[in-house]
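This report concerns only the one structure given below.
FYI, it's all coordinate maths here, none of it is from the lab. Being a predicted model, the structure only gives us computed values, none of them experimental. So basically every Cβ, Gly included, is an ideal-geometry build from the backbone, and we count neighbours across all protein chains shown.
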Amino acid sequence: MSNSSSRSWTSIKGSLFVEQSGDRSTISQVLLHGFTQTSRSWNRYIDLIDPQQSIIRVDVPGHAGSSTVAADLTTTAQMVVEQCGFGDYIGYSMGARLALHIALLQPKNVRRLVLVSGSPGLRTPEERLARTQSDELLASEISEIGVADFVDKWLSAPMFSGLTSSREEIQDRLRNTAEGLASSLRLSGTGKQESLWDKLQHLKIPVLLVVGAKDQKFLQIGSDMKNAIGPNAHLVAIENAGHSVHLEQPEHCQSVIASFLGRPS
């Protein structure tokens, strides 16, 4: 991997494992990964970005360098902003749910918001209860079968059918621990998250919603989110991509995000 491995990374001290690379005088892209991933899971995307561009990548609670940190999304949002400060926040899946929390709770710290395969949560208490119960079963399963087998099973789900992971990328996910992943599900899973649907109208910053055209579920969620946010939201569906759109079509995804971040306010 070219840029991500040749870049020089320095740690930003704080509650979470956070690294920064590039020219700090530029607006940072703060990257928030998905469940079972790590901050390095963004490498396919990072490799396409000018090495001078400031990148901040975060291991979210329960993952990799932050495996021993246990926190819900509201608390995590505060932690991330304390370490990362003002920037363009870009989140994928679970990381998109976290980025959305940051934008709603700390709007002055977010210049632009990019949600890749993101969701504001489940709409009803019944849906959240059912999801909490299924997440609890998953959390218990991780402890029973171990991280390696769980990651294999996780990536075999239909939503990841378009994603091909290298051996290096799989090994990177195996830096996670069973305890950390279980904690993440129990505290920051979709079931535990309050619904943010009725708060989307309060987003006044520019918002980009990126989804894979093959990911019908999140394509519909993205469309509904765009309507709920208003004219400051833009929805882009990327062809030949499913849920992991930034990894399945990194060039197209990076081009769309770069165009959005570079637009005049």
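Which of Ile221, Gln254, Ile170 sits closest to the plus end of the dipole of the stretch 147-265, meaning its Cα is farthest towards the positive end, when Lys and Arg get +1 and Asp and Glu get -1 on the C-beta?
Final value for the positive-end residue is Ile221.
By average Cβ neighbour count within 10 Å, what is the ranking of 219-227, 64-72, 94-102 from highest down?
94-102, 64-72, 219-227
So, counting K/R as plus one and D/E as minus one, what does the shell of residues with Cβ under 14 Å around Ile49 add up to?
-2
Select from Gly242, Gly87, Gly230 the residue whose mean-square fluctuation is largest in a Gaussian network model of the chain (Cα-Cα springs shorter than 10 Å).
Maximum fluctuation in the GNM of the chain, among the listed residues, is at Gly230.
Semi-axes of the equivalent ellipsoid for the chain, please: Cα gyration tensor eigenvalues, times 5, square-rooted, ordered largest first, whole Å.
Listed largest to smallest, the semi-axes of the chain are 24, 22, 19 Å.
Over the chain, what relative contact order in percent results from Cα pairs under 8 Å that are six or more residues apart?
Normalised by residue count, the contact order of the chain is 20 percent.
Cα convex hull of the stretch 1-128: how many Å³ per residue?
About 105 Å³ per residue, rounded to a whole number.
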